[in-house]
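Here's the structure, in structure tokens; my notes come after.
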Amino acid sequence: MQFQQLTYFVAVAEARHFTRAAEEVHVSQPSLSQQIRALENELGAELFSRARGNITLTDAGEALLPLARRILADADTARHEVQELAQLRRGRVRLGATPSVCTGLLPEVLRAFHDLHPGIQLLLEEGGSHDLVRELARGALDLALVVLPLPAASPALTTVELLQEDLVVVSSAQRPRPGRGGRVRIADLEGEPLVMFRHGYDLRELTVAACRAEGFEPSFTVEGGEMDAVLGFVRAGLGIAVVPAMVAARSGADLRTTPLARPGLRRTIALAHRSDVAPPRAARELQRVLLGQTGPGGGRARRAPEGRRARPAHTASASSSEWMRSGAPGRA
């Protein structure tokens with residue numbers, strides 16, 4: 001049974017005349033009659049009574065007519081749904097991002113995307129890079145914003161490096177500025193009260209690794225929070241914290257930002273998706289907006305070098321100590 005045959009059948013049923021029905025669907029009358037006969041042969045029943053040129057539906061035709069109309073209507077609806085999705089009128093994007101990226105990068109990017117495509121639903125999942133990689137692997141996410149390098153055991157992912165970002169020190173505006181000469185060395189963090197993220201938080205791993213590379217263990221006054229909690233504890237004067245520059249820039253006047261002395265700490269933010277499945281059209285459009293927002297003139301942090309733009313994720317791995325020595329980015 002073909003959609004074309006059902007279309008011809010409905011046309012004849014409504015016109016009650018083969019020639020007029022053929023004109024309605026823009027085919028010759030013999031072709032239409034041939035397709036109607038083929039449909040009857042397939043169904044094993046006559047659909048029309050053709051007595052003396054008077055066309056009426058048989059019982060089989062009466063039973064088929066509402067079903068045929070419904071099938072054709074559903075097919076037309078499906079066609080429009082796909083066309084609307086292809087034209088980005090409707091759809092969804094399932095995006096994962098680390099908490100600091102949600103705070104620093106995404107608000108402006110998602111606003112720009114929503115202004116362009118208000119019919120696209122944005123589903124955001126916040127988590128660490130390790131968790132986001134797992135969600136990508138099982139197909140629960142279309143895209144994920146992570147920090148490189150990814151875990152060595154990651155599934156085959158494609159990553160596009162978006163930008164490089166410095167880490168900075170934030171402190172309460174009501175307390176003395178840490179460090180000397182307007183900058184903080186990692187060594188200056190020895191003995192300083194630190195507000196620290198929870199275990200499994202990549203910024204925690206990087207900060208602790210940097211301190212140990214300088215030969216000391218950091219001292220925590222409060223630990224275990226997410227990004228908003230850490231910034232709130234710093235505002236309250238409980239200590240200082242090492243955070244991404246984009247987060248610090250949005251943290252308000254009650255927090256003071258101090259850069260790290262050279263060579264400093266830096267991370268690379270990348271957009272990842274599965275290598276074996278092409279992202280949906282809406283997700284590809286969000287990727288285009290992200291690249292536009294983070295590229296030259298986009299007003300964001302430094303873009304990653306062109307020579308390191310896209311690569312399979314399984315090739316990117318390094319320990320925290322390697323990240324510290326080489327200036328390569330940490331895990332997310």
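The values are calculated or read from the model by the stated rules, or taken from the named source; none is laboratory data. Only a predicted model underlies this, so the values are computations on that prediction, with no experimental measurement involved. Please note: Cβ atoms are built from the backbone with ideal geometry, for glycine as well, and neighbour counts cover all protein chains shown. The area values use the complete protein model at the heavy-atom level, side chains included, leaving out ligands, DNA and RNA. Shrake-Rupley method; radii C 1.70, N 1.55, O 1.52, S 1.80 Å.
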Query raised in the report: Tell me, what HN-Hα J-couplings in whole Hz come from the Karplus equation 6.51 cos²θ - 1.76 cosθ + 1.60 at θ = phi - 60° for each residue of segment 286-294, using x for Gly and Pro?
Result: 5, 4, 4, 5, 4, 5, x, 6, 9
Query raised in the report: Under a point spin-label approximation (7 Å from Cα along Cα-to-Cβ), what is the residue 174-residue 114 distance to one decimal in nm?
Result: 3.3
Query raised in the report: Taking H as built 1.01 Å from N, whose amide H comes closer than 5 Å to the amide H of residue 185, not counting residues under 5 places away?
Result: 180, 261
Query raised in the report: Rounded to the nearest 500, what is the chain's calculated 222 nm mean residue ellipticity when only DSSP H runs of at least 4 contribute -39500 (n - 2.57) each, over all residues?
Result: -12500 deg cm²/dmol
Query raised in the report: So how many Å³ per residue does the convex hull of the Cα atoms of the chain work out to?
Result: 184
**Report entry** Karplus 3J(HN,Hα) series, Hz, for segment 186-200 with 6.51 cos²θ - 1.76 cosθ + 1.60 (x for Gly, Pro)
**Finding:** 4, 4, 5, 6, 5, x, 6, x, 10, 8, 10, 5, 5, 4, x
Query raised in the report: Assuming R0 = 41 Å, what is the FRET efficiency of residue 74 and residue 52, from their Cβ-Cβ distance, to the nearest 0.05?
Result: 0.70
Query raised in the report: Once phi is turned into ³J(HN,Hα) by the Karplus curve 6.51 cos²θ - 1.76 cosθ + 1.60 with θ = phi - 60°, what whole-Hz value does each residue of segment 48-54 show in order, with x for glycine and proline?
Result: 10, 9, 10, 8, 6, x, 8
Query raised in the report: In angstroms, what radius of gyration and Dmax does segment 1-74 have, counting Cα atoms only?
Result: 11.1, 35
**Report entry** Paramagnetic label zone (point 7 Å from Cα along Cα-to-C-beta, residue 249; backbone N under 19 Å) in segment 160-187
**Finding:** 161-171
Query - Angle between the chain longest axis and helix 29-43 axis [Cα atoms, degrees, rounded to 10] - result: 80
Query raised in the report: What spacing in nm lies between the two simple spin-label points modelled at residue 92 and residue 284, each 7 Å away from Cα in the Cβ direction?
Result: 2.1
**Report entry** Which of 3, 113 is most accessible, then next, and so on - probe 1.4 Å
**Finding:** 3, 113
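Please work out the FRET efficiency for the pair residue 277 and residue 121, using the Cβ-Cβ distance as r and a Förster radius of 25 Å; give the result to the nearest 0.05.
Rounded to the nearest 0.05, the efficiency is 0.80.
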Report summary line: Using alpha-carbon positions, the gyration tensor of segment 77-233 gives root eigenvalues a ≥ b ≥ c; with a/c under 1.5 called rounded, otherwise prolate if a/b exceeds b/c, else oblate, the class is prolate
Query - Estimated dipole of segment 56-196 in Debye, rounded to 20 [Cβ of Lys and Arg +1, of Asp and Glu -1, Cα centre] - result: 360
Query raised in the report: Roughly to the nearest percent, how much of the accessible area of the chain is carbon and sulfur, given a 1.4 Å probe?
Result: 49
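With a 1.4 Å probe and all protein chains left in place, how much accessible area per residue does the chain have, in Å²?
I get 49 Å² per residue for the chain.
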Report summary line: Long-range amide H partners of residue 241, meaning residues 5 or more apart or on another chain whose placed amide H is closer than 5 Å, are 170, 195
Query raised in the report: Using modelled backbone amide H atoms (1.01 Å from N, in-plane), which distant-in-sequence or interchain residues come within less than 5 Å of residue 90's amide H?
Result: 85
